[in-house]
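Each remark here refers to the structure printed beneath this line.
The values are calculated or read from the model by the stated rules, or taken from the named source; none is laboratory data. All of these numbers come straight from a predicted model, not from anything done at the bench. Backbone-built Cβ (ideal geometry, glycine too); neighbour counts: all protein chains shown.
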Amino acid sequence: MPAERRASIVGTGLIGASVALALREQGWTVSGTDADGVRTREALAAGVIDAVGLDPDADLVVVAVPVSSVVDAARDALVGCPKATVTDVGSVKAPIVTAVNDSRFVGGHPMAGSEHDGLKGADANLFQGATWVLTPTEMTETARYAALRATISSIGADVVELPPERHDALVALVSHVPHLTAATLMGIAASSAEEHATLLRLAAGGFRDMTRIAAGHPAIWPDICAENRDAIVAGLDALLAALADVRLAVADSDRPELLRRLELARAARINLPARVAQADELVEVRIPVPDRAGVLAEVTTLAGELDVNIVDLEIAHSVEGDRGVLIVTIDAQAADRVCDALTSRGYRPAAVPIGR
């Protein structure tokens, strides 16, 4: 009989409760705690968690609190759960990872959500097909990280590894700035009480799609903007500059320029990467690695920088010596550039088709 797997969730809001449900479906025993005692009791009554509190025997702790509270909660979990791997779900990573600074902590960010807040929106399937970013560092323990990655994959998420600072810059562009943009556009539409009802009656799919995320919980955003201020400001500056160029093209009736921009945007949108699903489209890249700190982070974040999704990851330890083999499963079309990049960094990778 396999050993019982135990997890604790700190924060039983939408994401924390969804993680709890997803883990329980995979056979985990899950406890939970929340600053709001009423919400914790509701989570227990609803069957989201098995018990209340931080489990000292937990193998995994997921911190799902506002980003301004993550550092303290993660430190408490590291002390209270001495054998656990601790991760979080905050949308800002660099300041958190730097402040926690522990080999058992791995920063995380599931790119998933819902217009519904709290337990009402909790869904065990919330992470199916969603991107879940992990930010390992040089001090991350290899075996611990591989186990965390496997757990996240088991609940349906596609794991992407990025350096914490790179994550923050990219997420500012693809998440934080879009949310602020949607909220601002919605604010403009709502600014005139007389026209508001008529405008919303006229609102077509494009307006509704673009402003959908403005329905998200507003209370989390001041903390996010404070923690990731520089990257968000840079993203807003880039957006404002691009809008100024579009404004000029419209004002000048510059049809070719408008068409160029719209065609570029359409092509980029159509070519957003899709999830690899077929085994014959995958290869294993086998990488002999030394047993030293930082190897796992170097390899996985390299894949993230190359925009290559790691479908699966395995570590084969050598019975002798201080070496092992890191096995990463990736899209076959990306194998050559991943191997070339690894070779340039002194590794000796070999790409092997699945099933060989």
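Worth a mention:
- Subset of the range 128-148 [within 12 Å of the chain's Cα centre (by Cα) and within 20 Å of residue 18 (Cα to Cα)]: 129, 130, 131, 132, 133, 134
- Residue 133 satisfies every condition listed in (1) farther than 27 Å from residue 230 by Cβ; (2) among the hydrophobic types (A, V, I, L, M, F, W, C); (3) assigned to a strand (DSSP E or B) except (1).
- Members of the range 75-88 that are within 19 Å of the chain's Cα centre (by Cα), touching a residue at least 60 places away in the same chain (Cβ under 8 Å) and more than 15 Å from residue 162 (Cβ to Cβ): 85
- In the range 262-272, of all residues being exposed (fewer than 10 other Cβ atoms within 10 Å of the Cβ) and of a type in the set (A, V, I, L, M), the one that is modelled with the highest pLDDT corresponds to 267.
- For the criterion of being under 22 Å from residue 127 (Cα atoms) and among the charged types (D, E, K, R), residue 5 passes.
- Flag set for residue 19, criterion: at pLDDT 95 or above, in a helix (DSSP H, G or I), assigned by TED's automatic domain parsing to the domain that holds residue 70 and buried (at least 16 other Cβ atoms within 10 Å of the Cβ).
- Every residue from the range 39-56 that is in contact with a Pro (Cβ under 9 Å, 6 or more places away or on another chain) and charged (D, E, K, R): none
- Tally, over the range 8-52, of residues that are farther than 21 Å from residue 130 by Cα and touching a Phe, Trp or Tyr at 6+ places or on another chain (Cβ under 8 Å): 0
- Any hit, the range 273-280, residues being at pLDDT 85 or above and outside any strand (DSSP E or B): no
- In the range 146-178, residue farthest from residue 48 (Cα to Cα) [restricted to those that are among the aliphatic types (A, V, I, L, M) and assigned to a loop (DSSP other than H, G, I, E, B)]: 162
- Looking across the range 51-73 at every residue that is free of Cβ contacts under 8 Å to residues at least 60 places away in the same chain, crowded, with 18+ Cβ neighbours inside 10 Å and part of a helix (DSSP H, G or I), the one that is nearest to the chain's Cα centre (by Cα) is identified as 70.
- Scanning the range 310-356 for residues being modelled with pLDDT under 85, not β-branched (Val, Ile, Thr) and not in a loop (DSSP other than H, G, I, E, B) gives a total of 9.
- The lone exception for residue 99 - which of (1) hydrophobic (A, V, I, L, M, F, W, C); (2) touching a strand residue (DSSP E or B) at 6+ places or on another chain (Cβ under 9 Å); (3) farther than 25 Å from residue 213 by Cα; (4) surrounded by fewer than 17 Cβ atoms within 10 Å (Cβ to Cβ) it fails: (2)
- Boolean, residue 143 is modelled with pLDDT of 95 or more, farther than 23 Å from residue 170 by Cα and outside any loop (DSSP other than H, G, I, E, B): no
- Sole exception among (1) in a helix (DSSP H, G or I); (2) at pLDDT 95 or above; (3) buried (at least 18 other Cβ atoms within 10 Å of the Cβ) for residue 107, by number: (1)
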